[in-house]
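The structure appears below as structure tokens.
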């Protein structure tokens, strides 16, 4: 007898499973949890209606709603009073109230801004002791500035923290007779260090201070006059100069002189040839007599030169002497330089000298040339010189203000390396300009001064642009200084206007400017978005180099009157395509277009075959040689139907 099959899969078993099995939902099974009663029957007190959830911390919005609910306040939406605030519009910028508060704090603590001093030493001081004293004093100076930043919350420039650079400054000041601070003419007060002027007087009362406003070609005559009056009221001697402008002028003058010399040489050559032809038939005796006469004339010329030592042989020297005499007379009439040197002592005499030196100085707003600046250095009266018979001029200033460029322009050759990156010069250098004038180039030093933000340092060229981390604050600062239409005309872009509900006169945000610039220049990322960091570097470098020009005004001078921007450029009508120009349609044009009888046509490309019953033009007509249909085969449709766009 065979075994029973354990897997009962017959027809009867299938019917039983379908009726009483698990697949039938109508069968009630107590073990199935889905068939149990799980609904709440409202047959008692509803305890769930109470808000029994513990609340210990709420968001500002939830707290506002709960407070309003407890107070029974009802709110209604007012769509007309809604203003949209762009979160990127004011990043890195301070309001007027914040600026006033920061200015007040800076003025209260301005006396704490100082540069490190070199400790006193004598013959008995060893090099190890001097190095220890310098390190100790430098560490104490850094500690004072750090406490000023932490306690007062002020923003300082990232001043130089390498002691070796400050040693270079000490050596330049000690060996210089005239210390010249080179500052950027667009923002002179930012690059001027008042404590450096005090330190120069502390080292020696015979040393003189001078502020040279480089890149002065960016300023107009009115702006130079304003700065000259401002520094004259506080008793500071200034001079306006531009290294690049001076080099260009020298090149043009040299070219003009070379052309004149070439013309004179040609005339002299012609005259000499004629004289040689005339003298060809003369005897040797006459030639000897001519030689004797020439020698006598040369002796007469030499004797005249000995008698007239002060006379110049070229008109250029005469002009230089006249200008130098004028500069000397101006200096003697306007400034008492003896009082400037004695104003640094702490005795009663120094206090009187300070009062005298604080008198007004008549500064000239003229943009000096190379020769005029050299003569101006010669006219500065110096007491006891460090090197007898030689006037040493030390050039000091921030990085990237043009110290090395100024030296190269004065020497008319590249003696010092120049770079757009701040901090190119690493060691001071001495170069003779004349026999009695020595230039001393000091490495660029970022001296401690108050700033509003780090973005201001990037915009003014103190910090390198290629190393910035956040590009939004500097670009926002640029857009707040340069008007919208100037940015559009300079780069040929269209910046998106403010949205509805925003201030129509607000400056563009960094995102709006960089997006427009990136799309226009093709600076795109891998995912198809404009590369804003890359675009920001181009715009910031244009601001530093002066392509986007903005000049800060002296204190008390209105900024709106100081900077005058050009008006928006008006585009000519011929530059605008006909499809974009607005058209003024009249009713006659509408009627003529509507009632015009035009047969509908379909444009087809390819060869046009001749009609069946078309008569040939001549007996020798060969259609396979007729290439007239190929001429307009590849013409664009917008040119074929250009008459429809008119």
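Nothing in this text is a laboratory measurement; each read-out follows from the coordinates by a stated rule. Since we're looking at a predicted model, the values are computed, not measured. So basically every Cβ, Gly included, is an ideal-geometry build from the backbone, and we count neighbours across all protein chains shown.
By counting other Cβ atoms within 10 Å of each Cβ, how are 147, 447 ranked from fewest to most?
Details: 147 11, 447 23.
By the 10 Å Cβ count, ascending: 147, 447.
So, in nm, how far is label residue 494 from label residue 14 when the simple model puts each one 7 Å beyond its Cα toward the Cβ?
Each label point lies 7 Å from its Cα, and together they span 7.5 nm.
Counting only the backbone N, which residues of the stretch 540-557 are under 19 Å from the spot 7 Å out from the Cα of residue 360 toward its beta-carbon?
554-557
What's the FRET efficiency of residue 254 with residue 565 using the Cβ-Cβ distance as r and R₀ = 25 Å, to the nearest 0.05?
The formula returns an efficiency of 0.10 here.
Under a point spin-label approximation (7 Å from Cα along Cα-to-Cβ), what is the residue 502-residue 592 distance to one decimal in nm?
4.4
Quickly rank 431-439, 185-193, 64-72 as a protection proxy: mean count of other C-beta atoms within 10 Å, highest first.
185-193, 431-439, 64-72
Cut-off is 10 Å between beta-carbons; in what order do 624, 121 appear when sorted fewest neighbours first?
Exposure proxy ranking, most exposed first: 624, 121.
When a footprinting reagent is the concern and you count Cβ atoms within 10 Å, what order do 403, 547, 96, 454 take, fewest first?
Ranked by crowding around the Cβ, least crowded first: 96, 547, 454, 403.
If each of residue 161 and residue 433 carries a label point 7 Å out from its Cα toward its Cβ, how far apart are those two points in nm?
Here the modelled spin labels are 3.6 nm apart.
Given a Förster distance of 41 angstrom, what is the FRET efficiency for residue 101 paired with residue 527, based on the Cβ-Cβ distance and rounded to 0.05?
It comes out at approximately 0.45.
Show log10 I(q)/I(0) for the stretch 471-573 at q = 0.12, 0.16, 0.18 Å⁻¹, two decimals, from a solvent-free Debye sum over equal Cα scatterers.
Evaluating at q = 0.12, 0.16, 0.18 Å⁻¹ gives log10 I(q)/I(0) of -0.44, -0.76, -0.94.
Determine the gain in length on full extension of the stretch residue 108-residue 390; use 0.36 nm per residue of separation and subtract their C-alpha separation, reporting nm with one decimal.
97.3 nm
Once fully extended, how much extra length lies between residue 545 and residue 126, figured as 0.36 nm per residue of separation less the alpha-carbon to alpha-carbon distance? Could you put the intermediate results ahead of the total?
Values: separation 419, 0.36 × 419 = 150.84 nm, distance 4.68 nm.
Taking 0.36 nm per residue and subtracting the Cα distance, the gain is 146.2 nm.
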